1. Restricting attention to the range 283-295, does a residue exist that is surrounded by fewer than 16 Cβ atoms within 10 Å (Cβ to Cβ), outside the structural domain of Lys384 (by TED's automatic domain parsing) and within 17 Å of Thr243 (Cα to Cα)?
2. What pairs come up if the first residue lies in the range 156-177 and is more than 20 Å from Gly411 (Cβ to Cβ) and assigned by TED's automatic domain parsing to the domain that holds Tyr93, the second is more than 12 Å from the ligand (Cβ to nearest atom) and of a type in the set (Ser, Thr, Tyr), and their beta carbons are under 6 Å apart, counting only those six or more places apart or on different chains?
3. Please count how many residues of the range 192-206 are surrounded by fewer than 22 Cβ atoms within 10 Å (Cβ to Cβ) and within 26 Å of Phe371 (Cβ to Cβ).
4. Among the residues in the range 74-91, are any assigned to a strand (DSSP E or B) and either at pLDDT below 95 or crowded, with 22+ Cβ neighbours inside 10 Å (or both)?
5. Would you check if Ala176 is closer than 24 Å to Tyr401 by Cα, among the small types (Gly, Ala, Ser) and within 16 Å of the ligand (Cβ to nearest atom)?
6. So, in the range 266-304, how many residues would count as being under 21 Å from Val328 (Cβ atoms) and either aromatic (Phe, Trp, Tyr) or in a strand (DSSP E or B) (or both)?
7. Might you check whether a residue that is more than 33 Å from the chain's Cα centre (by Cα) and of a type outside the set (Gly, Ala, Ser) occurs anywhere in the range 285-301?
8. Identify the residue in the range 120-139 that is assigned to a loop (DSSP other than H, G, I, E, B) and within 15 Å of the ligand (Cβ to nearest atom) and, among all such residues, is farthest from Thr380 (Cα to Cα).
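The values are calculated or read from the model by the stated rules, or taken from the named source; none is laboratory data. Computed from a predicted model, the values in this text were never measured in an experiment. Glycine gets a Cβ as well: all are built from the backbone with ideal geometry, and neighbour counts include every protein chain shown.
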Amino acid sequence: MKLSIVAALLSAHAVVPAAAGFIPQQNSQASSVRGSVMLRGAAPAVQNEDLDKIVADSPLLSLHRTISEIESISNDESKVGEALVKYLEEHGYTAEKQVVPVEEDANSTAERFNVWAYPNGNPQPKVILTSHIDTVPPHIPYTLHAPEGEFDRANVRIMGRGTVDAKASVAAQITAALNYREANPDAAIGLLFVVGEEVGGTGMVHFSDSDLNTTPPFFRTLIFGEPTELKLVDGHKGNVRFTVEAKGLAAHSGYPWLGHSAVSEILPVLSRIDELGDIPVEEGGLPASEKYGRTTLNIGTIKGGAAGNIVPVSASASVTVRLAAGTVEEAQETIKRAVSDVSGGSQNITVTFPNDKAYPPTDLDVDAEGFEVMTVNYGTDIPKLTIHNEGTDIQVKKYLYGPGSIFVAHGVDEGLTIGDLEEAVEGYGRLIEAGIKRS
Ligand SMILES: [Zn+2]
């Protein structure tokens, strides 16, 4: 059928810029978007202008569009930060820029900052909603897509980089806070939007180490926004990263006994590391737990050697562990022991743990009413925020909730429906209510 060929061409065109250098995710959203292109090409019933009007008529959707259209790949967040400061100041908030140092390896040296905002005259709110304003690359333009079949506003799909992770959370959190304060003008609700979440959590670490994170804490409830499919998350796995390096001695490949191969040295080590999540703790493996399942390891990169005819002088691999139980220190000990055992304590092998990014499994609160609960495998900023309640009886509750799915979050098909975005405002409203009631 001609129409479908046209649709295929249109849809191929639509994904080309985003797909360059990127592996498309296989999921159902892809087909629905292609369908919508066909609908727009074939049925004049729903025009682009109609979709634009739906967005323009809604403060939530307009805010979401504004911040999603601003490119904000990690280390380049200041433009979207400025837009948020302006918006919040127009809506009864005092918005402060908390300048965050530029990462050493960043391509850009432009100023970057977290946005810390509180209702005018109320700098120590009891409830804080927080999310991140950076995205992964590449930037994908914001687009609107009519649903297949009969038109339903709630099923209009919004696509583009950051539309889910995490600008959907940011827009919904702001809207929920403003709505709540419209009905309860004295409600103390803070908003914290951090930079650098996708590259190690610099922004949240910076906030955590700053004077704003008081001892004891002035806040009692933290509501974190990430894509959770509108479910409340009861916790996520920990994260431990490390690199393994092997040293060798170069020689002609025809006379390998004159050298020492770093690749041969590292292979059995990596093979052992690869199975640490699958073997029992008693046998030197990493722990599992009922809540989080198995600890998993991903050997994400391997490098080594210079050419096929040279005995390799060096080899290295970088590994990320998603930790299901125990502490960071225990996991590091297990890994060091496994490497030492399999290499016979070889001096040519070194394991390095970067000291700033590791955290144990993180348990979260789920006592707010009316939510489905789930556990996730991805990490968040939550462990980066140290709560200074030592020696007090202050309890700080932490919730994790947001619109959209993590399965599309970093892919070319990143997007969500208007219905999900609007429902998130309701969900955040209920979490704010729970927080305000206990403070
Ligand atoms: Zn995120």
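1. no
2. Ala172/Tyr428; Gln173/Tyr428; Ala176/Tyr428
3. Summing the residues that are surrounded by fewer than 22 Cβ atoms within 10 Å (Cβ to Cβ) and within 26 Å of Phe371 (Cβ to Cβ) in the range 192-206 gives 1.
4. no
5. Numbers: closer than 24 Å to Tyr401 by Cα: yes; among the small types (Gly, Ala, Ser): yes; within 16 Å of the ligand (Cβ to nearest atom): no.
So Ala176 fails the test.
6. Selection size over the range 266-304: 8.
7. no
8. Result: Pro137.
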